[in-house]
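Have a look at the structure below, then the notes.
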Amino acid sequence: MKKIAFLLSMSLFSSVACASEATDALDAFHAALTSGDKARAAELLATDVAIYESGYVERSRAEYAGHHLPEDIAFAKTASRKVLQTSERMEGKLAMIWQETETTAKHKGKNIHIFGTETSLLEKQDGQWRIVHVHWSSRKSK
């Protein structure tokens, strides 16, 4: 019985460790945006990533890098993003991460204060966690 409990606890620990590695990859993506490292941000995305935001969809790393990534970097450089809550779930080589955030910025002459939600799906590809889907949603503070 002790052996089964030990194996079960090791299995749970392994899942948590892997999910934390996935969260580290997601955090690295946001850090790359903040530092303006376009190459690193793109590297953390799967080639066939799907990014949903404000009713729009970008269906590949190339599409995002050529369209919205520069705008996201410009905004992130002026912003302070605070993660209020993170939840994770992992199944095999897939990890789902939900985050609630609060962001303040002075961007294009305007003061911005928003609360956001982010749902990210990551997949372990060739030993590295890659973002395969992200859905961003935000609302203004009251």
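The values are calculated or read from the model by the stated rules, or taken from the named source; none is laboratory data. Keep in mind it's a predicted model, so treat the numbers as computed, not measured. Reconstructed Cβ throughout: ideal geometry from the backbone, glycine too, with neighbour counts over all protein chains shown. Areas reflect the complete protein model, heavy atoms only, side chains present, ligands, DNA and RNA absent. Shrake-Rupley method; radii C 1.70, N 1.55, O 1.52, S 1.80 Å.
Okay, here's what the table says:
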| item | result |
| --- | --- |
| Selection count, the range 55-75, where residues are within 21 Å of Ala105 (Cα to Cα) and of a type outside the set (Phe, Trp, Tyr) | 7 |
| Verdict on Met96 being surrounded by 17 or more Cβ atoms within 10 Å (Cβ to Cβ) and more than 20 Å from Thr34 (Cα to Cα) | no |
| Residues that are in a strand (DSSP E or B), at pLDDT 95 or above and either open to solvent by less than 80 Å² (accessible area, probe 1.4 Å) or hydroxyl-bearing (Ser, Thr, Tyr) (or both), drawn from the range 53-85 | Val57, Glu58, Ala79, Ser80, Val83 |
| Qualifying residue in the range 39-51 (condition: open to solvent by 60 Å² or more (accessible area, probe 1.4 Å), at pLDDT 95 or above, within 25 Å of Lys142 (Cα to Cα) and assigned to a strand (DSSP E or B)) | no |
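Residue-wise test of (1) part of a strand (DSSP E or B); (2) touching a helix residue (DSSP H, G or I) at 6+ places or on another chain (Cβ under 8 Å); (3) among the small types (Gly, Ala, Ser); (4) farther than 23 Å from Arg40 by Cα.
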| site | (1), (2), (3), (4) |
| --- | --- |
| Thr101 | yes, no, no, no |
| His113 | yes, no, no, yes |
| Thr119 | yes, no, no, no |
| Leu122 | yes, yes, no, no |
| Trp129 | yes, yes, no, no |
| Val132 | yes, no, no, no |
| Arg139 | yes, no, no, yes |
